[in-house]
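Working notes, beginning with the structure itself.
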Amino acid sequence: MDGQAIKDSLGKTIKFLRFRMGLSQADLAEKADISITFLSAIERGIKFPQPDILSKLAKALEVEVFELFKDDMAPEDSQEMMSKLSEDITKHVSLTIANVFKQYLG
């Protein structure tokens with residue numbers, strides 16, 4: 001596995017774990033004491049964090065550091081994650097529509 005593949009895999013795993021915990025990028029960045037911009041770059045495979053940041057991310061995601069590098073973590077639970085995301089999106093869209101109706105129709 002080359003360097004870019006490692007960055008891509010790490011980013012995919014962090015994103016998966018973040019979704020599984022129901023955290024936004026802002027939530028995880030705050031918990032790990034890093035910027036949202038840096039977290040986004042890690043998740044997209046653009047940046048690779050230093051060991052201290054890896055440790056903070058693992059702690060915030062409630063996993064061991066080595067689990068961040070498990071390439072097979074996301075696929076086995078991806079269907080469950082997609083289902084949860086779909087439910088969350090539906091819930092947020094419904095709430096938004098209800099708020100718009102309430103605001104404009106009294």
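The values are calculated or read from the model by the stated rules, or taken from the named source; none is laboratory data. On a predicted model such as this, the values are computed, not experimentally measured, just so you know. Quick reminder, even Gly has a Cβ in these numbers, built from the backbone with ideal geometry, and neighbours come from all protein chains shown.
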Subset of the range 84-106 [at pLDDT below 80 and closer than 26 Å to residue 36 by Cβ]: 84, 85, 86, 87, 88, 89, 90, 91, 92, 93
Spans of helices (runs of 4 or more DSSP H) in the range 11-61 with at least 3 residues closer than 20 Å to residue 71 by Cα: 36-43, 51-60
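Name the single residue that is surrounded by the fewest Cβ atoms within 10 Å (Cβ to Cβ) among those in the range 24-76 being acidic (Asp, Glu) and farther than 17 Å from residue 12 by Cβ.
Here the answer is 52.
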Residues of the range 54-68 satisfying the condition of being out of contact with any helix residue (DSSP H, G or I) (no Cβ under 7 Å at 6 or more places or on another chain) and closer than 9 Å to residue 32 by Cα: 59
